[in-house]
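Coordinate-derived values only; no laboratory data. The shown structure was predicted, so the numbers you read here are calculated from the model rather than taken from an experiment. A quick note on method: Cβ atoms are made from the backbone with ideal geometry, for glycine too, and the neighbour counts reach across all protein chains shown.
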4 protein chains.
Amino acid sequence: MAVAGQRRRRKEERPGEIVEAAFEEFARSGFMATKLDDVAARAGITKGTIYLYFPSKEDLFLATMHEMSRPSREHLAALTAAPQGSAMAILRTHFAFEYAQMVEDRRTREIIRMLLAEVSRFPDLADRWRAEVIGPEVEALRRVVRYGVERGEFRPSAAEQFPHLLFAPVIMACTWRLMFGDDHALDGSAYLDGHLDLLERGLMFGSRPNPSPSAGEGAPRSGAGEGTTLPEGARP
Amino acid sequence: MAVAGQRRRRKEERPGEIVEAAFEEFARSGFMATKLDDVAARAGITKGTIYLYFPSKEDLFLATMHEMSRPSREHLAALTAAPQGSAMAILRTHFAFEYAQMVEDRRTREIIRMLLAEVSRFPDLADRWRAEVIGPEVEALRRVVRYGVERGEFRPSAAEQFPHLLFAPVIMACTWRLMFGDDHALDGSAYLDGHLDLLERGLMFGSRPNPSPSAGEGAPRSGAGEGTTLPEGARP
Amino acid sequence: MAVAGQRRRRKEERPGEIVEAAFEEFARSGFMATKLDDVAARAGITKGTIYLYFPSKEDLFLATMHEMSRPSREHLAALTAAPQGSAMAILRTHFAFEYAQMVEDRRTREIIRMLLAEVSRFPDLADRWRAEVIGPEVEALRRVVRYGVERGEFRPSAAEQFPHLLFAPVIMACTWRLMFGDDHALDGSAYLDGHLDLLERGLMFGSRPNPSPSAGEGAPRSGAGEGTTLPEGARP
Amino acid sequence: MAVAGQRRRRKEERPGEIVEAAFEEFARSGFMATKLDDVAARAGITKGTIYLYFPSKEDLFLATMHEMSRPSREHLAALTAAPQGSAMAILRTHFAFEYAQMVEDRRTREIIRMLLAEVSRFPDLADRWRAEVIGPEVEALRRVVRYGVERGEFRPSAAEQFPHLLFAPVIMACTWRLMFGDDHALDGSAYLDGHLDLLERGLMFGSRPNPSPSAGEGAPRSGAGEGTTLPEGARP
DNA sequence: AATGAATGAGCCTTCATTCAT
DNA sequence: CATGAATGAAGGCTCATTCAT
């Protein structure tokens, strides 16, 4: 009985174990360079067994991508709720979550890598990702921006048209880490803080471009008081 | 004589033609899935000829990456010049250039894709790209930001520590187009304008916390400094 | 169960079958010119199967040489026993054996051919053959010669320093047959008898060159000629 | 004029230079593994030039073998002259020559190696070698032996039927050096002296059974008692 | 005569896939 | 369900051969 239980449990877990192993190998080497022998070895089974659960290497890859992107898809529900409270607070919460997901979670990072790498072989993958993950997220962000504008919190800006601009630092940190490795990662909360700070305050002191660039080096430097306080004159 | 010239020119042009064809195939299919037969066919030669100029597929790939990233490397010189005039104007010029290069130029886009895809197989490639292209660019941006701060044009911000934040929308547009294709590209000058607008003005109207019509916890925090409070769960 | 036995036996027999087929092809064509396709075809399998048992063509060659030279290596034990009886009898027995092995056994002949042909590609092969086969044999022969000298059976001679001289006719017959084919083989027991006769009696009648070359054609010819015994009358 | 002379001389020497280079490469690597590129490089020309003089790699090999075996063929003339003086002296002279040729001359050695290695690919080569070199030599030796027997210098023996037996130590030294390298060569005049000594005197003291100190079956067989017993003092 | 760029057939090796057990 | 031996279609790379110059 116990054995049968083991067996059954085993049987139900097999596909997950295979997908798990496949993910590691696909992430390491890409689709073409991944050998089913290595996947099988990592899963502790033999090559033939993979074919009991997946009809081909391509199907295994698709299943792996689908399975591994499940958290990203599920997380979307939280974002689509009706916005409440300050728009900036919503963005803070959202990007903290996004950062944890797309930068610090190795799996999501690797999903991104594989999507980029295998688009021409699996065009549907990117399509689905856009339809089911990124697209909804962009729309949700757009709604938050509009919500902030409507409540007078945000000024009207291109962020309504391109919520991607808000999202960009997350993608930057993700691709940066994908490309240069964990040792050169941009993470740490300072990066996220900087991201949110720029979102909130913008790069420049005032609300409009400095009217006297011609002053050149003579341009009035803000005093010792670093920065966040502005000369009165610059304020309305 | 003219004929000999033809011959010689042929010989001199061959490597370039092969690299050109290789780039297309590598960009389309990735390193592993690219067949030298296809490269040869695209170059209008036969497979053996490739080996007259490149000792192996890997060398061809490396040569292709090197050759195709030459514009990016050469363009750096312009950026390292001593800054003059308004910092914002420098950024405008720079990002216009970057946008044209990393988003609208298909080749640079595909270089990025291959770097991301083949990092584990060619770790040196990413290292060199960081050392020779992205790293210098980040440093140059950092200098511009400092210059802007010193001349009182910019407020002190995390952009000094993470110039990547300024760069991020370019990467976003690049990866977006890589992943979803030209039909879903974010380009058009509106995106760049929005990027620059956000850079210049920030997302919000003023530098001071909005009087927060609804008050409450959602009110945007003043920039007084350290940042944003995050939900506990989102912190590493 | 019987079927499983078949399977298992198959698996166990495969390497031997492959080595067998490989030997024939390598012997026929040499290492470079041998196609694994031909080896596979001869073994009744496909090319890929070879790689289930041997990691490369070179390894297959080495395994083939090792396997095929096993009889030669094993036969050495008999030679290293302490000599008993007449030294000449020992030599007779030994060379009869060697002749059967190195001349009449096609496999050993072909091993010799391959050793000679592939020395520059597989230098270790010849080294091992010298250390494990020929070297010990030469030493064993040297012991027999010394034994013969010690018991007053043999005169002291260069054969102590160069037992190869005793061995040479075997090598001659081996290479002769390798080079000119079975149709021109030197074999038959007459050659071995002649070899042993020369060993025993030497080429000349007396202890010193005939003092009367002037006798010329008139020199007394031995009668019937064949055979080692001469008519009494022919002797002084 | 001088240039033209150079050119002409060059042109006439080219085939010889190519054959020279080809010999080194064929000897090193065998027919199949030899690259015409390497031959050309060694000859200081380019690959295409080889085809101006030899229609194919096979022809080049055949020409190389023919050219390199010329000394062996030419030397035969000396052997076919009518024998004069003592047969043993003829043999001495002959084997000294043969030894210098087949053992100490690297080229002849390598010719032997190639003949053995490539027989199945170039069957005619061995045939011609037998017909033009080895065969005549064997016949010449046979004549010398008969001459020695007729003049009473040699006893009748199997050497008449198998002159190869006399020749064998030369082949042994040749193949030994081919197989184990110059460092393990058997050469030095001691080997040749031993060879000639065995030829002349035989391995055993006398033609008559040794009084057999231990008697028994081990006693050396008696020849018919044909006075080959030597004065003790004449023996080393 | 000589070059050397180009060819293309061929071989070793790999690996996704199949199937008998 | 699981195995693993076997397959066979490719693909990277080599090299003898050709030919325009």
(request) Would you mind listing how long the stretch C:119-192 runs along its three principal axes, going by Cα atoms, in whole Å with the largest first? (result) 41, 35, 15
(message) Need the list of aspartates and glutamates near C:K35 for cross-linking: C-alpha distance under 13 angstrom, and skip anything on the same chain fewer than eight residues off.
(response) C:E24, C:E25, C:E58
(request) List, in order, the whole-Hz ³J(HN,Hα) value for each residue of the stretch B:25-33 obtained from phi through the Karplus relation with A = 6.51, B = -1.76, C = 1.60 and θ = phi - 60°; use x for Gly and Pro. (result) 6, 4, 5, 6, 10, x, 4, 5, 7
(request) In whole Hz, with x marking every Gly and Pro, tabulate ³J(HN,Hα) for the stretch A:183-194 from phi via Karplus 6.51 cos²θ - 1.76 cosθ + 1.60, θ = phi - 60°. (result) 5, 10, 4, 8, 6, x, 5, 4, 5, 4, 4, x
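Just tell me how shielded D:117-129 is by partners: mean number of partner chain Cβ atoms within 10 Å of each residue's Cβ, no decimals.
Numbers: counts 8, 4, 5, 7, 4, 0, 2, 0, 1, 5, 4, 0, 2.
Average per residue, whole number: 3.
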(message) Classify the stretch A:69-201 from the C-alpha gyration tensor, please: rounded if a/c falls under 1.5, else prolate or oblate depending on whether a/b exceeds b/c.
(response) oblate
(message) Checking the a/c ratio against 1.5 first, then a/b against b/c, what shape does the Cα gyration tensor give for the stretch A:44-109?
(response) prolate
(message) Sort C:27-39, A:106-118 by the packing proxy (mean of other Cβ within 10 Å over each peptide's residues), most packed first.
(response) A:106-118, C:27-39
(request) Read phi for every residue in the stretch A:172-178 and hand back ³J(HN,Hα) as whole Hz from Karplus 6.51 cos²θ - 1.76 cosθ + 1.60, θ = phi - 60°, with x for Gly and Pro. (result) 4, 5, 5, 5, 4, 5, 4
(request) Would you mind checking which residues have amide H under 5 Å from B:F154's amide H? H placed 1.01 Å from N; only 5 or more apart, or other chain. (result) B:V149
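Considering every residue in D:26-35, what mean count of other chain Cβ atoms within 10 Å of its Cβ is obtained?
Working: counts 0, 1, 2, 4, 8, 4, 6, 7, 1, 0.
Partner Cβ neighbours, averaged per residue: 3.
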(request) Extending each Cα 7 Å along its Cβ direction at C:E17 and D:L52, get the distance between those two points in nm, one decimal. (result) 5.5
(request) Report the convex hull volume per residue for the stretch D:8-64, counting only C-alpha atoms, in Å³. (result) 65
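Counting pairs of alpha carbon atoms under 8 Å apart in space and at least six apart in sequence, what relative contact order in percent does the stretch B:11-67 give?
It comes to 42 percent, rounded to a whole number.
Given a Förster distance of 45 Å, report the FRET efficiency between A:D37 and C:E132 from their Cβ-Cβ distance, rounded to the nearest 0.05.
Numbers: r = 37 Å, r/R0 = 0.82.
Plugging the Cβ-Cβ distance into 1/(1 + (r/R0)^6) gives 0.75.
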(request) Over the whole of C:156-164, what's the average partner chain Cβ count within 10 Å per residue? Rounded to a whole number, please. (result) 6
(message) For C:L62, project a label point 7 Å along Cα to C-beta. Then give me every residue of the stretch C:116-159 with its amide nitrogen under 19 Å of that point.
(response) C:116-133
